[in-house]
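Enquirer: Once you've had a glance at the structure underneath, I'll fire off some questions.
What follows is calculated from the coordinates using simple rules that are stated; it is not laboratory data. As the structure is a prediction and not an experimental result, all values here were calculated from the model. Here the Cβ positions follow ideal geometry from the backbone for every residue, glycine too, while neighbour counts run over all protein chains shown.
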């Protein structure tokens, strides 16, 4: 009986480890931002983000849209504001019950609800109008900042202007130098 109970405990512990959400770090020219992906509640968006990370896609991209009281957006443009080639778009997971609250990460998209690819944003306000509601497909939240919100708040305060047809572009590029999956630590 002892062996059975020990086996059950180990099985439950292994399942908990496997079900843990992915911990990551976004390294920028202004500092590091630690994030947790909601693999459990936004599996398509989290898997998509991780696939771009594994391909080093985000390295050298910038936060190209910064709006105080709203959000900072990045993950698709280089420092010359040239959009990088992306993978196929993913389905919108905005019906996952997660809200666009301060510190959450959500998928950026066009007017087509199922057009998100690599670009994401970090909410710097509770943006309820971005949540799924009747007549509003919403923007899919897939992660949250766990450390480094002070860096996000520094980013949102930088001077911005227009760059060609783009608005709210930081005057000095804020580069994402690397995004990495943090190693898991045994508890």
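Enquirer: Which of 109, 80 has the fewest other C-beta atoms within 10 Å, and how do the rest follow up to the most?
Expert: Neighbour counts put them in this order, fewest first: 80, 109.
Enquirer: Mean-square fluctuation check for the chain, GNM, Cα pairs under 10 Å: which of 58, 163, 139 is largest?
Expert: 163
Enquirer: So what's the convex hull volume per residue for the Cα atoms of the range 96-187, in Å³?
Expert: It comes to 150 Å³ per residue, whole-number rounded.
Enquirer: Write down the Kirkwood hydrodynamic radius of the range 25-75, to one decimal in angstroms, obtained as one divided by the mean of 1/r over all alpha carbon pairs.
Expert: 12.3 Å is the Kirkwood radius here.
Enquirer: Find the centroid of the Cα atoms in the range 28-103 and in the range 119-139, then give the distance between the two in whole Å.
Expert: 14 Å
Enquirer: Among (i) 48, 37, 34; (ii) 52, 42, 29; (iii) 71, 39, 29, which one is Cα extents along the principal axes in Å computed from these coordinates?
Expert: (iii)
Enquirer: Let me ask another. For the range 38-116, what ratio Rg/Rh do Cα atoms give with a Kirkwood hydrodynamic radius?
Expert: Numbers: Rg = 12.9 Å, Rh = 13.7 Å.
Expressed as Rg/Rh, it is 0.94.
Enquirer: Can you put 160, 86, 184 in order of Cβ neighbours within 10 angstrom, beginning with the fewest?
Expert: Least to most surrounded, the residues fall as 184, 86, 160.
Enquirer: Return, for the Cα atoms of the range 81-129, the radius of gyration and Dmax in Å, separated by a comma.
Expert: Rg, Dmax (Cα atoms, Å): 11.7, 34.
Enquirer: Which of 117, 45 comes first, and how do the rest follow, when ranked by fewest Cβ neighbours within 10 Å?
Expert: Placing the least packed residue first, the sequence is 117, 45.
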